[in-house]
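A short reminder: the numbers here are calculations on the coordinates, not readings from a lab. Please read these numbers as outputs of a predicted model, since none were measured by experiment. Heads up, the Cβs are rebuilt from the backbone with ideal geometry, glycines too, and the neighbour counts pull from every protein chain shown.
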Amino acid sequence: MDETTDASQNDAARFVQRQAINRSGCYMLLFFFSLLFLNFEDDTTARTGRTTIQDQIDAIKYEKSLLANVTFGQNITHPTPPLVQQKIEKALSKGTKDAGDIGVLPITHFYHNVTGIFRGEWIPTNVTVPENNVPGNNATSPEDARGDFPFDQPGSFTINLKSEHTKEDRVKFVEGFIRLQNDERGDFGVLMVAEGVHFVNNGTLYMTAVPENTIHHMPLEDLLHMLPSNSTMNQGREVLQEELSLQLEEMQNVLDWSGQGYIDNERSMPNITGCTFEFWMQLHPVDGLMSEVLEYERELENPQGISVRYPGPFMASMVMYSANCEMVMEMEDSNGIKIEKYYKKAISYATLASIVAFIQIFLLIHQMEYTPTPSSVSNVSYWTIAMQSTMDGYLCLIHLTTGVVVQNVFIPFATTAFFTFVLVSIFGMRYLMVIWRIQRPEAAHREQAATQNAARTNSPTAETNNNTTTAEPAARTTSTLGGILPMANATARPAVRTVQDERREDALLYYRFCKLSCTFLFPKVEFYAHHLFVYADLVFLLGLFIFYQTASKSTFVQNIVVGMLAFGLFSFWVPQIYRNVIRGSRRALSHRYVIGMSLTRLVIPLYYYACPHNILAHESTKWVWVLAAYVMLQVAVLMIQDVWDPRFFVPERYLPERYNYHPILPNEDEETTVDVKVVGVNASEEAESSEGESKHTPGRDCAICMLPVNATTQGSAGLQALGRATYMVTPCHHLFHTECLEKWMRIKLECPVCRAYLPAV
C-alpha cells in the first residue's frame, strides 16, 4: 500500500513538472510572438508618410544644388550673435591664432585623424536672437523647440567622431554622434547626428547637428556660412559635394537592386527636442614635430612594433549654438581618446577577463577534487555554485555580443567568452549536476517525511490505532532507554530511482539553470520544481522588461539597478553559510577556492567602478568598496565557521535539531533489552519476535567490519563520553563502530544495512 502511494505521488510530481515546462514554453513563445507583432504594422499604414529611395535621391540632388549657389557673406539666415562669437573665438584661441588662414602652415601642430571619443561637461548660456534672424520665430518657439530636455542646466556629453579622407588633403569630412545628458534626469538624454569638415592644419572642425530621429536633412548650407573665409568655404564645399556624390551613388545602387523601396525612418530614441546646432571644435596643439605626429598616427592605424614618440593628450574645446532654441553651450578642455587606443584598451580588458576566467576554471577544478565523495558534496550549497555560474553565463553572453558587434575586438572578446563558456558549461554545470544528483534524494526524504507527518496529524483515528498497537514496544523502549535512544526510522527504505528519473532530473537541472538569474531570490523552493517553474516564468519576463527599460536610462538609474543586482549576485557565499548552519557542517569549500573566487569575482566590478580610465568611462565610485567589503565579510564568516563552529552566530533556541549518533546505550544483560537491530532483521520481524513467547536479544556486532561493538558506558561522565564516541547508532537503529561508519559516510549517506538516508555528521 505504501509503495503504491509513493508511486502515485511520484507520477503526480512528474505530471506537474511536465505541465510546468510546457506552460513555460508557451509563455516564452507568446512573449517572442508579441515582440514580432509589436514591430510590424499594417502595410498601408506603415508606408504612409515614409520616404522612398527616390525621394532621398531627389533630396540629395537638391542639397547639392543649394551648396553650389552659396556665396560667402551673403543670404545668411541667422548671423551669429556677438556673445556666441566671443565664445567661439575663445575656443578657437586654444589652437592657432589665425583660424581663418589655412594656406599658411601654423607653428603649432595637431592630430590629423580625429576618429575617437570625447567626453566632458557642458555649460549652457541663454542667448537673445532677433526675431528676423530666425524665420517663423516667436516668443514661445524656443521653449517648444527645446522640448522636455533641460538645456538650461549643466550636464555631460559624449561625442563619437569618424574622420574620412577626401581628395583635398588639408580638409577631411567628419561625421558622428553627440549625446547630451543631464545628471539629474533619469533618461538616456538627447542623441544628435553631426556632419562637417575638419581643417587638419589648424585643428578646427565645423559641423552642424540635428536630432537623430529628425525627418529633416542636415543643413549643410548653414555649415558653409560658419566657415571664416571664402577660401575655407570653397574647400569645404568641395568636400561636402564629394560626400553627397558618394551618398547619391550608394542610394542609386540600392534603387537599382531593390526597385522602389522605402527608407526606415524609425529611430531607437524618442524625439524629445527639435533643436538644431552649429558646432565649432578646436583641437589642442601637441608637442613635437609634425613628422613625429604623423608617424605616431600611422603606428596606431597599422601597428608595426616600432618605437614612436607620444605627442601628447588628445583634447579639444567646443562650442554648440542653436538659433531656434536660443542658447549656446561651452565645452572646455574635453578629454578624448583615439579610436585605436580605445580598441587597445578594450583588448587589454579582454585579456584581463580571460586571465580571470582561466584562474576560475582551475579554482573550480580544485574544489571538485576537494569534494570527491557524495558525503563531502552533500555539504556544498547548490545555490552558491549556481549563482556564480549565472554570473559567468551573463559575462559569456556580454563578451560574445561585444565581439560580434565590434569586429575590431572580436578575437580577444571571443577568447574571453570561450573561457567563460568552458567555466560554465563544462565544469560549472558538471559540478551542479553532481550536487543535484546527490542532494536530490535528501530533499525527497525530507519531503516524504513532511508528507507523512502531515498525514498522521490529519488522521487522528489511524494515529489512535497505531498508538494502541505499538503501545507495548514503545513503552518498552522508553522505559529501557529513558528516551535517549532515538525512535526507529519508519521510512527507512528509499524509493527505487530509475534511469528515466535521473535523465528527467538532468533536464530539469538545465531548465532551472537557464532561469536561475531570476530565481536566486527564492531559496525556499530549491528542490520543489513545480513551484520554481511558476515563479521563474514570471520573474524571467519581468527581468527582460527591467533590463530593456534600464538600457535606455541615465547612468544614475543604471547604477541603482546594477547595484541591486550586484548585491544579490555577490551574495553567493550566503547560501553556503546557511547550509553550514542547517547541517552543522564545516570545511565544505576549500579555503583556496573561497579566497580565490572572491578575489577574481571582484576584478570586473572594481575595474568598471574603481578604475577612472575604464573602457565604458564609468565614473569611479566609493560604493564599489562597500561591495568588496560585503564579499570579504562573507568570506570571514565562512572561515570562522570552519575554524570555530558553524553555528557560532545563531542563538541556540533557533538552531535546528541535530541527530545524535552517540546516544547512551544500557549495558547488555538479561534485565535490560536494547532495541538495536541485528543485520537482516527488519521492523516486522522484530515486532513478531517481540510478540512471541520468547524474548529475542540481538547481538552488538558492526555490520561493516563484523566485529563486536563495545557499547559499555561506565564510570565518570568523562569516561562515558569517551565510550560513546567509539560507536554510532543510526536513525534506523543499526549499531556500528564510529570509525567504520564515518568512512562509509564519506562515500554514501545511506545505511549499510537497510539503505535508509543518514543525516550528515
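A simple rule links phi to the HN-Hα coupling: the Karplus curve 6.51 cos²θ - 1.76 cosθ + 1.60 with θ = phi - 60°, which for the range 652-660 gives 5, 5, 9, 7, x, 5, 10, 6, 9 Hz, with x for Gly and Pro. What is the calculated FRET efficiency for LEU244 to LYS162, with r their C-beta to C-beta distance and R₀ = 22 Å, to the nearest 0.05? Between LEU244 and LYS162 the formula returns 0.80. Note on THR71 and SER141: their simple-model spin labels are 2.5 nm apart, each label 7 Å out from Cα toward Cβ. Coupling constants for the range 112-119 follow from the phi torsions by the Karplus curve (6.51 cos²θ - 1.76 cosθ + 1.60, θ = phi - 60°), and in residue order they are 8, 9, 9, 5, x, 10, 10, 9 Hz; glycine and proline get x. Please list, by residue number, everything in the range 596-637 whose backbone N is under 13 Å from a paramagnetic label point 7 Å out along Cα→Cβ of VAL562. Output list for this probe position: 604-625. Cβ-Cβ distance of ALA636 and ILE604, R₀ of 22 Å, FRET efficiency by 1/(1 + (r/R0)^6): the value works out to about 0.50. Here ARG430 and PHE362 are evaluated by their C-beta separation; at R0 = 22 Å the FRET efficiency comes out at 0.90. Per residue, the convex hull spanned by the alpha carbons of the range 370-424 comes to 64 Å³. For the residue pairs LYS87/LYS338; LYS90/LYS344; LYS64/LYS162; LYS87/LYS167; LYS94/LYS338; LYS172/LYS338, alpha carbon separations beyond 24 Å are given by LYS87/LYS338; LYS90/LYS344; LYS87/LYS167.
Mind checking the dipole of the range 255-403: about its Cα centre, +1 per Lys or Arg Cβ, -1 per Asp or Glu Cβ, Debye to the nearest 20?
Numbers: 7 positive and 17 negative charges, 128 e Å.
Value, rounded to 20: 620 debye.
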